[in-house]
Amino acid sequence: VLVTGAGGSIGMELCKQILAQRPSKIILFEISEFALFQINDDLLKSIKHIKSETSIVPVIGSVRDEKLVTKTIKKHCVNTIYHAAAYKHVPFMEENPYEAVKTNVLGSKNIADISIQNQVEKFVMISTDKAVNPISSLGMTKHIAERYLTTLNSQNKTKFIKIKLNFIFKTKFF
């Protein structure tokens, strides 16, 4: 299992729930070294506590980096991706719309396309209620990414699933 944005608030929660299911491996894909260190450390402590044999693999990088994403998916034979990497703070994205587009749209497209090329079984996109009726740069970028993924579902073997952020902490993922 690969989790993008593993060190963010949503990614961290995903990783904890995934670990409870005891997969053979969790790849923590994160752009922030500090956030990656924190989630890696938390999961390693949890593994000892629950006596799991899950391997934790930290990877520093961006979903915009095609070579690194491809290398990571191939090297670890990823079959499920939880895509939580995104810029999510509305005021920051209103001031920096180009960065929102690069990560939320192009980064999502990049990792989705690479998932198809490498026959990843499931791709779960963590979205936001702000994408439903987008009135901000953030909402619009997430809406565009969602629309792109919707077009991919019938064209290949990778199954694309979307989970809205407003339900994320109320719902167990497994």
> So how many residues does the stretch 148-164 have that are open to solvent by 60 Å² or more (accessible area, probe 1.4 Å) and assigned to a helix (DSSP H, G or I)?
Replying inline: 3
> In this structure, is residue 145 of a type in the set (A, V, I, L, M), open to solvent by less than 30 Å² (accessible area, probe 1.4 Å), at pLDDT below 90 and under 21 Å from residue 14 (Cα atoms)?
Replying inline: no
> What are the residue pairs meeting all of these: first residue in the stretch 54-80, first residue closer than 23 Å to residue 106 by Cα and without any contact (Cβ under 8 Å) to a residue 24 or more places away in the chain, second residue open to solvent by less than 30 Å² (accessible area, probe 1.4 Å) and small (Gly, Ala, Ser), Cβ atoms under 7 Å, and 6 or more apart or on different chains?
Replying inline: 68/61
> Could you list, in sequence order, the residues of the stretch 1-54 that are among the small types (Gly, Ala, Ser) and buried (at least 20 other Cβ atoms within 10 Å of the Cβ)?
Replying inline: 5, 6, 7, 8, 11
>> Return the residues of the stretch 101-129 that are within 14 Å of residue 63 (Cβ to Cβ) and open to solvent by 30 Å² or more (accessible area, probe 1.4 Å); say none if nothing qualifies.
In response: 101, 102, 106, 109, 113
> Is it true that some residue in the stretch 60-73 is over 15 Å from residue 115 (Cα atoms) and among the hydrophobic types (A, V, I, L, M, F, W, C)?
Replying inline: yes
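The values are calculated or read from the model by the stated rules, or taken from the named source; none is laboratory data. Treat the numbers as computed from the prediction; the structure is a model and nothing was measured. Cβ sites come from the backbone with ideal geometry, for glycine too, and all protein chains shown count toward neighbours. Quick note on the areas: whole protein, heavy atoms, side chains included, nothing else; ligands and nucleic acids left out. Shrake-Rupley method; radii C 1.70, N 1.55, O 1.52, S 1.80 Å.
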